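Below: one structure, written as structure tokens.
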Amino acid sequence: MKIICIGRNYSEHAKELGNEIPENPVIFMKPDTAVLKGNDFYIPEFSNDIHYELEVVLKISKGGKYIQKETANKHYEEIGLGIDFTARDLQSELKSKGLPWELAKGFDGSAVVSSFFKKDSFSLENLQFSLLKNKDKVQEGNTKDMMFNFDDIIAFASQYFTLRVGDLIFTGTPKGVGKVEENDILEAYLEEEKILDIRIL
């Protein structure tokens, strides 16, 4: 199982980090060891600036290579939410040197994944999701604001990577990313239902 992540897929998020608006999906990867086990996230010793990034996650149900956009929707049946934890200080340092981001993005526990739900239960083009930190709403997104929709992402990524059953795709985060501290509580909502509850330690 591999984890494909899309960066800068919401223009307001790209702007808040001072990044250019991309012409194609920006892709990075997380190893399967990045998936958080349980509901406790421990701040790693190598960073003083861990940020949350809430995202809709697709679970691949049918593998493929060079998937066409017109048939991309046949390659996933379930969606969920995920938090892409990012060591922002380390990422900034790596980017300033022109180096890859993996140390800042792919460390153990950096990929929080919720339970998955049948996509047919939702309007995928107008899907609302949000994140609360200590009961205050800090992120709110809607898939209608994505620059590259789910089918775009699957078609583009499959040009480079063969998709396999069980692969996960993090589809990008809206504006509002921010730092976590010890004892913070993060709650993620898909539409009106809470599906993630994470404690920061």
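List of remarks:
- Chymotrypsin sites (Phe, Trp or Tyr not before Pro) within segment 60-101, DSSP loop, no more than 10 other Cβ atoms inside 10 Å: Tyr66
- The fraction of accessible area contributed by carbon and sulfur in the chain is 47 percent, rounded to a whole number (1.4 Å probe; ligands and nucleic acids excluded).
- In plain terms, if you count all Cα to Cα distances in the chain and split them into 10 Å steps from zero, the share in each step is 9, 38, 39, 13, 1 percent.
- Largest GNM mean-square fluctuation across Thr171, Thr86, Thr71, computed for the chain with C-alpha springs under 10 Å, falls on Thr71.
- Within the shell of other residues whose beta carbon sits under 14 angstrom from the beta carbon of Glu193, the net charge comes to -2, with Lys and Arg scored +1 and Asp and Glu -1.
- Loop trypsin sites (Lys or Arg not before Pro), segment 59-125, which have at most 12 other Cβ atoms in a 10 Å radius of their Cβ (DSSP): Lys65, Lys97
- Extending 7 Å from Cα along the Cβ direction at Lys62 and again at Asp49 yields two label points whose distance is 4.4 nm.
- Taking all Cα pairs closer than 8 Å and separated by 6 or more residues, the relative contact order of the chain comes to 34 percent.
- Bins of 10 Å from zero: percent of alpha-carbon pairs in segment 99-201: 11, 39, 38, 11, 0
- Here the average projected area of the convex hull drawn through the C-alpha atoms of segment 1-107 stands at 8.1 nm².
- Accessible area per residue for the chain, computed on protein heavy atoms with a 1.4 Å probe, is 48 Å².
- Accessible area per residue (1.4 Å probe, heavy atoms of protein chains only) ranks Asp167, Asp197, Asp151 as Asp197, Asp151, Asp167, with the largest value leading.
- Here the calculated FRET efficiency for Glu78 and Val26, from their Cβ-Cβ distance with R0 = 25 Å, stands at 0.55, rounded to the nearest 0.05.
- Placing a pseudo-label 7 Å from each Cα along the Cα-to-Cβ vector at Leu103 and Lys69 gives an inter-label distance of 3.8 nm.
- Taken one residue at a time, the phi angles of segment 190-201 give Karplus couplings (6.51, -1.76, 1.60, θ = phi - 60°) of 9, 6, 9, 9, 6, 10, 9, 8, 10, 9, 9, 10 Hz. Gly and Pro are set to x.
- Secondary-structure-derived ellipticity at 222 nm for the chain, considering helices only, amounts to -3500 deg cm²/dmol, per-run term -39500 (n - 2.57) for DSSP H runs with n ≥ 4.
- Residues of segment 159-195 with amide N under 11 Å of a point placed 7 Å along Cα→Cβ from Asn134: 180-185
- Local electrostatic count at Glu182 - Lys and Arg +1, Asp and Glu -1, tallied over other residues with Cβ under 14 Å: -2
The values are calculated or read from the model by the stated rules, or taken from the named source; none is laboratory data. What you see is a predicted model, and the numbers here were worked out from it, not measured in a lab. Ideal geometry is used to build each Cβ from the backbone, glycine not excepted, and the neighbour counts take in all protein chains shown. What goes into the accessible areas is simple: the full protein's heavy atoms, side chains included, and nothing from ligands, DNA or RNA. Shrake-Rupley method; radii C 1.70, N 1.55, O 1.52, S 1.80 Å.
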